[in-house]
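The values are calculated or read from the model by the stated rules, or taken from the named source; none is laboratory data. Bear in mind the structure is a predicted one, so any value in this text is a computation, not a measurement. Neighbour counts run over all protein chains shown; Cβ positions are idealised from the backbone, glycine included. Remember, those area values only see protein heavy atoms, side chains included, never the ligands or the DNA or RNA. Shrake-Rupley method; radii C 1.70, N 1.55, O 1.52, S 1.80 Å.
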Amino acid sequence: VRDLLGMHSRAARFMAACFALTCVISVAYTSSDVRAVWPMILAIIFGSTAACTLVLSRGDPMPLGQSVLVSLTGAVTSGLVLSVVPVPVNDMTQLWMFGMSTAVFTFMCVRGRTALAWLGLGLMVLVTAIWSSTTGQGAMYGVSLTVINAGPVLMSTFFAYTIRPQARVIYELREQSTQRIASASASAAILEERDAQLDRLDVLARPLLERVASGVPLTTTERQECELLEAQLRDSLRATGLQQTDVI
């Protein structure tokens with residue numbers, strides 16, 4: 001699926017860079033009344049690293065160790081940002097980390113780590129609920145802020161369980177087609193070489209064979225020509241056998 005969606009391409013890397021830039025712009029726009037800026041900078045670094053990991057990591061599904069770390073994006077960035085925003089929040093754009101984390105979880109499903117994506121979303125909801133509860137806003141307020149992000153993750157889950165198997169079948173069929181083409185090319189090359197050898201044998205041996213079949217005794221020169229032709233054909237057969245042995 002990573003190859004099918006072009007997640008290894010320059011365009012995907014550009015999108016990851018735009019993701020990081022969006023995080024920076026969000027912090028710059030919403031950091032005027034926060035208690036400290038450094039936790040938000042750490043949130044940018046963590047979120048941007050997660051996005052780059054999704055794009056750059058190889059394998060399908062995404063490696064487990066990297067997936068576990070990426071699944072912590074929502075919990076870590078939410079904890080960092082919520083620790084410095086005013087209570088109550090002055091502007092909902094100060095909660096930018098929810099949307100960014102949801103984008104990460106969405107592509108985790110695409111990369112074949114659906115369970116860890118839902119775990120990450122659950123941890124983000126839990127951290128937000130704890131924050132809203134400890135700040136006197138009630139745990140359900142925190143849940144209401146984050147549970148809406150389940151929609152995109154649900155859609156990407158549907159993608160993971162429908163499109164990914166089809167993509168696997170497509171690549172298996174393409175591999176089989178490639179093998180058939182390679183086998184057909186090898187067979188064609190063998191037939192072409194056989195025809196070339198037959199044409200060469202026809203040119204070299206036919207005149208002498210017709211001379212032998214005529215029943216007229218061979219002259220000394222013709223006998224020598226037969227012996228030379230025999231040696232030449234024998235050497236060519238040995239050379240072909242040696243070439244096949246080298247290939248094997």
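Rounded to the nearest whole Å², what accessible area per residue is found for the chain with the 1.4 Å probe?
Values: 14890 Å² over 248 residues.
Heavy-atom accessible area per residue stands at 60 Å².
Would you mind telling me the share, in percent, of accessible area of the stretch 59-113 contributed by carbon and sulfur at probe 1.4 angstrom?
Details: 1340 of 1860 Å².
Carbon plus sulfur share of accessible area: 72 percent.
With +1 assigned to the C-beta of every Lys and Arg and -1 to the C-beta of every Asp and Glu, and no other charges, what is the dipole magnitude of the stretch 1-155 about the Cα centre in debye, to the nearest 20?
On the way: 7 positive and 4 negative charges, 76 e Å.
About 360 debye.
Calculated from DSSP H runs of 4 or more alone, at -39500 (n - 2.57) each and per residue, what is the 222 nm mean residue ellipticity of the chain, nearest 500?
-27000 deg cm²/dmol
With a Förster radius of 35 Å, plug the Cβ-Cβ distance of residue 229 and residue 191 into 1/(1 + (r/R0)^6) and report the FRET value to the nearest 0.05.
Working: r = 25 Å, r/R0 = 0.71.
In this case the efficiency is close to 0.90.
Percent of alpha carbon pairs in the stretch 77-171 separated by more than 18 Å? Walk me through the numbers on the way to the answer.
Working: 2132 of 4465 pairs.
Taking all Cα-Cα pairs of the stretch 77-171, the fraction more than 18 Å apart is 48 percent.
Could the peptides 227-236, 128-137, 68-77 be put in order, highest first, of the mean number of other beta-carbon atoms found within 10 Å of their residues?
Numbers: 227-236: 11.8, 128-137: 17.2, 68-77: 22.8.
With the highest mean Cβ count within 10 Å placed first, the list reads 68-77, 128-137, 227-236.
Taking 0.36 nm per residue of sequence separation and subtracting the Cα-Cα distance, how much length would be gained by fully extending the chain between residue 11 and residue 140, in nm to one decimal? Please list the in-between numbers first.
Numbers: separation 129, 0.36 × 129 = 46.44 nm, distance 3.97 nm.
Between residue 11 and residue 140, full extension yields 42.5 nm more.
Among the trypsin sites (Lys or Arg not before Pro) in the stretch 1-81, which ones are in a DSSP loop with at most 13 other Cβ atoms within 10 Å of the Cβ? Mind listing them?
Of the trypsin sites (Lys or Arg not before Pro), the ones in loops of the stretch 1-81 whose Cβ has at most 13 other Cβ atoms within 10 Å are 35, 58.
Would you mind telling me the share, in percent, of accessible area of the stretch 160-217 contributed by carbon and sulfur at probe 1.4 angstrom?
Details: 2910 of 4660 Å².
Answer for the stretch 160-217 is 62 percent, counting heavy atoms of protein chains only.
Can you give me the Kirkwood hydrodynamic radius for the chain, using every pair of distinct Cα atoms, in Å to one decimal?
Numbers: mean 1/r = 0.0425 Å⁻¹.
Computed over Cα pairs of the chain, the Kirkwood hydrodynamic radius comes out at 23.5 Å.
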